[in-house]
Amino acid sequence: MSRSGDSARIPKPTVKRLSLYLRELDTLEDHGQQTVNSKQLGDALGLTDAQVRKDLAFFGDFGHPGIGYKTTKLIGELRKILGTDKPWNAAIVGAGNIGRALMPYARFRRKGFEIVAVFDSDAKVIGTTISGHKVRPMGDLPALVRERNIYIGIVAVPADGAQAVADALIAGGVKGILNFAPVRLDVHDRVSVVSVDFLLSLEQLAFQVSLGLTGSLDEREE
Ligand code: NAI
């Protein structure tokens with residue numbers, strides 16, 4: 001299955017905003033709102049309507065004159081663009097605090113991400129079942145990645161083990177890594193990596209608060 005999309009040439013901040021649009025559209029759809037215009041979407045996200053139109057125009061002409069966008073249709077289009085219209089199988093490596101917190105999160109599945117395997121290196125944890133997931137030894141990783149079509153590996157191990165885990169995931173065949181460990185992973189352009197770092201965000205926030213700056217530090221308007 002090929003996962004190469006058309007999005008590679010699109011500016012990163014635009015791609016980031018697509019997820020925000022999608023989240024807002026999902027909420028509107030849940031509330032039964034069938035259409036939305038760029039001003040409403042922009043107001044909800046702190047963006048101008050021109051920015052919304054510009055972002056969406058990268059991908060096609062989704063608007064209807066006098067109506068705006070059809071909510072469900074635009075959700076479908078954005079999912080296609082982001083590649084989340086088909087399910088993504090993911091594996092968690094590290095069944096500790098972070099790994100355990102992610103496992104029961106049902107919203108992942110609703111958004112097209114399914115945790116289909118969990119791995120750990122600790123003999124005390126291996127073989128136990130957490131939130132319905134049996135924890136497997138690292139030795140099972142290559143075979144399970146292939147068998148279960150795992151495209152995404154989630155690294156939730158301490159920093160000193162993260163690179164080895166990333167290497168094992170890449171050797172196993174994953175295409176993307178979501179990295180929670182506070183370390184830069186060296187992947188030599190073999191796969192895509194997105195890092196999540198709450199501490200970094202907290203430091204940014206502390207910096208902003210200590211300078212008395214208000215407003216959003218998010219890169220939404222780039
Ligand atoms: P934890 O110690 O509770 O769990 C780590 C798990 O990984 C353990 O079950 C351990 O047996 C397993 N493990 C260790 N080395 C391994 C290896 N080489 N292969 C397979 N499994 C291995 O740790 P916690 O609290 O869940 O944190 C996980 C990572 O997330 C750490 O790197 C931590 O610094 C980071 N973290 C990141 C945050 C963020 O905002 N990104 C916030 C908090 C923690």
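Computed quantities for the displayed model
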{"item": "Length-normalised contact order of the chain in % [C-alpha pairs under 8 Å, at least 6 apart]", "result": "15 percent"}
{"item": "Efficiency of FRET from Cβ geometry, LYS86 and LEU45, R₀ 25 Å, rounded to 0.05", "result": "0.45"}
{"item": "Loop trypsin sites (Lys or Arg not before Pro), segment 75-184, which have at most 15 other Cβ atoms in a 10 Å radius of their Cβ (DSSP)", "result": "LYS124, ARG148, ARG184"}
{"item": "Förster-model FRET efficiency, 45 Å R0, SER195 and HIS64, C-beta, rounded to 0.05", "result": "0.70"}
{"item": "Inverse of mean 1/r across different Cα pairs in segment 133-222, Kirkwood, Å", "result": "15.1 Å"}
{"item": "Stokes-Einstein D for segment 1-109, Kirkwood Rh over Cα pairs, 20 °C, 1.002 mPa s (µm²/s)", "result": "139 µm²/s"}
{"item": "Residues of segment 95-143: accessible area per residue with a 1.4 Å probe, Å²", "result": "58 Å²"}
{"item": "Accessible-area composition of the chain, carbon plus sulfur, in percent [1.4 Å probe]", "result": "54 percent"}
{"item": "Within a Gaussian network of the chain (alpha carbon springs, distance under 10 Å), most fluctuating of VAL135, VAL157, VAL187", "result": "VAL187"}
{"item": "³J(HN,Hα), Karplus 6.51/-1.76/1.60, whole Hz, each residue of segment 137-144, x for Gly, Pro", "result": "x, 4, x, 7, 4, x, 5, 5"}
{"item": "Solvent-accessible surface ranking, highest first, for HIS31, HIS64, HIS133 at 1.4 angstrom", "result": "HIS31, HIS64, HIS133"}
{"item": "From phi via Karplus (6.51, -1.76, 1.60), per-residue ³J(HN,Hα) for segment 171-181 in Hz, x at Gly/Pro", "result": "4, x, x, 5, 10, x, 10, 9, 10, 8, 6"}
{"item": "Debye equation applied to the C-alpha atoms of the chain, log10 I(q)/I(0) at 0.09, 0.18 Å⁻¹", "result": "-0.45, -1.30"}
{"item": "Label-to-label distance, nm, for residues given as ASP186 and PHE108 (7 Å Cα→Cβ offset)", "result": "2.8 nm"}
{"item": "Sites LEU202 and LYS16, calculated FRET efficiency, Cβ-Cβ separation with R0 25 Å, nearest 0.05", "result": "0.80"}
{"item": "Convex hull per residue volume in Å³, alpha carbons only, for segment 82-179", "result": "91 Å³"}
{"item": "Low-density loop cleavage sites - chymotrypsin sites (Phe, Trp or Tyr not before Pro) in segment 58-160, where at most 16 other Cβ are within 10 Å (DSSP)", "result": "PHE58, PHE59, PHE62, TYR105"}
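The values are calculated or read from the model by the stated rules, or taken from the named source; none is laboratory data. All figures in this text were calculated on a predicted structure; none of them were measured in a lab. Neighbour counts are summed over all protein chains in view; Cβ atoms, including those assigned to glycine, are modelled from backbone coordinates with ideal geometry. The accessibility values were calculated without ligands, DNA or RNA, using every heavy atom of the protein model including side chains. Shrake-Rupley method; radii C 1.70, N 1.55, O 1.52, S 1.80 Å.
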